[in-house]
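For reference, the structure discussed in these notes is given below.
The values are calculated or read from the model by the stated rules, or taken from the named source; none is laboratory data. The structure presented is a predicted model; accordingly, all values stated were derived computationally and were not measured. A quick note on method: Cβ atoms are made from the backbone with ideal geometry, for glycine too, and the neighbour counts reach across all protein chains shown. Remember, those area values only see protein heavy atoms, side chains included, never the ligands or the DNA or RNA. Shrake-Rupley method; radii C 1.70, N 1.55, O 1.52, S 1.80 Å.
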Amino acid sequence: MTLQWTAVATFLYAEIGLILIFCLPFIPPQRWQKIFSFNVWGKIATFWNKAFLTIIILLIVLFLDAVREVRKYSSVHTIEKSSTSRPDAYEHTQMKLFRSQRNLYISGFSLFFWLVLRRLVTLITQLAKELSNKGVLKPQAENTNKAAKKFLEENEKLKQFLLAKVHCRKL
């Protein structure tokens, strides 16, 4: 494997590891939110979108190159199979086809997992914010519910008082 495909494969393995770590059920989203809110991430965040788009473009280029290689060796496969000039040409073409297909899968999955990783981080962050909002809104809702019950009780008392007053006037 060449250096570029070794780097892409290592990147793929790192992405898989990060996705598995992010999906661990015993690490709550609030803890991830605390990790994401470190000062280091704030400094990196300015460059994050540029880096993300750069990696996406690089992976797309590598993916398209792998698609081109697969198409090239797939079409040569039928041509060289019928040729008898070199007996090992068929095996050589099959080897190159296998490598190009491997590179296609590596770059395709790496691109896919990069997008999944970005979405997963976004969802974890949103979930942590919603859970913190829930913690703030729950006491507010309970206080509002208590106040509404109090006002309803007072309203009932006023109705009874007014009915008693109207009833006394009739007598």
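Points worth noting:
- Evaluation of residue 43 against (1) more than 20 Å from the chain's Cα centre (by Cα); (2) part of a helix (DSSP H, G or I); (3) closer than 28 Å to residue 1 by Cβ; (4) without any contact (Cβ under 8 Å) to a residue 12 or more places away in the chain (one fails), failing number: (3)
- Flag if residue 45 is of a type outside the set (S, T, N, Q) and either surrounded by 14 or more Cβ atoms within 10 Å (Cβ to Cβ) or closer than 13 Å to residue 109 by Cα (or both): no
- Listed by first and then second residue, the pairs linking a residue in region 56-68 that is open to solvent by 90 Å² or more (accessible area, probe 1.4 Å) to a residue that is part of a helix (DSSP H, G or I), with Cβ atoms under 9 Å apart and 6 or more places separating them unless they lie on different chains, are 58/8; 64/107; 68/100.
- Boolean, residue 133 is more than 30 Å from residue 32 (Cα to Cα) and assigned to a helix (DSSP H, G or I): no
- If you go through region 1-29 and keep only what is in a helix (DSSP H, G or I), aliphatic (A, V, I, L, M) and either loosely packed, with under 11 Cβ neighbours inside 10 Å or free of Cβ contacts under 8 Å to residues at least 12 places away in the same chain (or both), you end up with 3, 7, 14, 20, 21.
- Residue 109 vs. criteria assigned to a helix (DSSP H, G or I) and closer than 30 Å to residue 34 by Cα: yes
- Selection of first residues in region 105-116 that are over 17 Å from residue 68 (Cα atoms) and of second residues that are open to solvent by less than 50 Å² (accessible area, probe 1.4 Å) and at pLDDT 95 or above, restricted to Cβ pairs under 8 Å at least 6 apart or on distinct chains, gives an empty result.
- The set of residues in region 114-128 that are more than 8 Å from the chain's Cα centre (by Cα) and either modelled with pLDDT of 90 or more or open to solvent by 40 Å² or more (accessible area, probe 1.4 Å) (or both) comprises 114, 126, 127.
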